[in-house]
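Student: Sharing a structure here in structure tokens format.
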Amino acid sequence: MGISTLSRYGLRALLEMADAEDVCPISSREISKRQNIPSTYLEQILSRLKRAGLVRSTRGAQGGYVLGRHPEDITVLEIAETLDGPQYIADCHDGKCLKKCDDGTPCIAAMFWTELEDTMHDILDTTSLQDIIDSWREKTHQGG
């Protein structure tokens, strides 16, 4: 399993907004330029994030996008599930196969995949935008 381009771009766009909160709102054009995200793709992402309440938009010359909530209240899991739906590693979930393996029996590895998935969900669900920004600043010795 990998995090999709949609979720990776969405995370980068939200981090751009979170990091620029003191100079917001930030235009989609500026986000696209700074994060090297194709503008048409970014508009689709921002539309989904707006419907989910993760961002708000304002119109006009000084318009743009701002976070819909505080960066510490938005998790990576919420972003990924907003953009891609539920995050599963394999066809196994909750210790059960969602499909039969090649020989028609449930997959023997279902428990392992479920444990791995639970660990991934725990990390994604306990990591906020603010956590990522704080870690980045600490590692690059910026802001404190």
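The values are calculated or read from the model by the stated rules, or taken from the named source; none is laboratory data. In this text, all values refer to a predicted model and were calculated from it rather than measured experimentally. Here the Cβ is made from the backbone with ideal geometry for all residues, glycine too, and neighbour counts use every protein chain on show.
Student: If you check every pair at least six apart or on different chains, which have Cβ atoms under 7 Å apart with a residue in the range 81-94 that is charged (D, E, K, R) first and a residue that is modelled with pLDDT under 75 and part of a strand (DSSP E or B) second?
Tutor: ASP91/CYS97
Student: Same structure again: Would you please name the residue that is modelled with the lowest pLDDT, looking only at residues in the range 106-120 that are assigned to a helix (DSSP H, G or I) and either aromatic (Phe, Trp, Tyr) or surrounded by 15 or more Cβ atoms within 10 Å (Cβ to Cβ) (or both)?
Tutor: ALA110
Student: Identify all residues within the range 9-38 that are in contact (Cβ under 8 Å) with a residue 12 or more places away in the chain and in a loop (DSSP other than H, G, I, E, B); write none if there are none.
Tutor: Correct list: CYS24, PRO25, SER27, ILE37.
Student: Taking the range 43-81 as the region of interest, how many residues are among the hydrophobic types (A, V, I, L, M, F, W, C) and more than 14 Å from the chain's Cα centre (by Cα)?
Tutor: Result for the range 43-81: 2.
Student: Within the range 58-68, is there a residue that is in a helix (DSSP H, G or I) and in contact (Cβ under 8 Å) with a residue 24 or more places away in the chain?
Tutor: No, every residue in the range 58-68 fails to be in a helix (DSSP H, G or I) and in contact (Cβ under 8 Å) with a residue 24 or more places away in the chain.
Student: Which of the residues that make up the range 113-144 are farther than 16 Å from ILE79 by Cβ and either under 16 Å from the mean Cα position of the chain (by Cα) or polar (S, T, N, Q) (or both)?
Tutor: THR114, THR119, SER135, THR140, GLN142
Student: What's the number of the only condition in (1) closer than 21 Å to THR82 by Cα; (2) touching a strand residue (DSSP E or B) at 6+ places or on another chain (Cβ under 9 Å) that ALA52 fails to meet?
Tutor: (2)
Student: For the range 24-70, which positions are farther than 19 Å from LEU129 by Cβ and among the aromatic types (Phe, Trp, Tyr)?
Tutor: TYR41, the sole residue that qualifies.
Listed here are the residues, each with its yes/no results for (1) out of contact with any Phe, Trp or Tyr (no Cβ under 6 Å at 6 or more places or on another chain); (2) farther than 30 Å from SER32 by Cα; (3) of a type in the set (A, V, I, L, M); (4) modelled with pLDDT of 65 or more.
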residue: ASP73; (1), (2), (3), (4): yes, no, no, yes
residue: GLU81; (1), (2), (3), (4): yes, no, no, yes
residue: GLY85; (1), (2), (3), (4): yes, no, no, yes
residue: ALA90; (1), (2), (3), (4): no, yes, yes, yes
residue: GLY104; (1), (2), (3), (4): yes, yes, no, no
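Student: Scanning for something modelled with pLDDT of 95 or more, assigned to a helix (DSSP H, G or I) and of a type in the set (Ser, Thr, Tyr), does the range 42-51 turn up at least one residue?
Tutor: Checking the range 42-51: at least one residue is modelled with pLDDT of 95 or more, assigned to a helix (DSSP H, G or I) and of a type in the set (Ser, Thr, Tyr).
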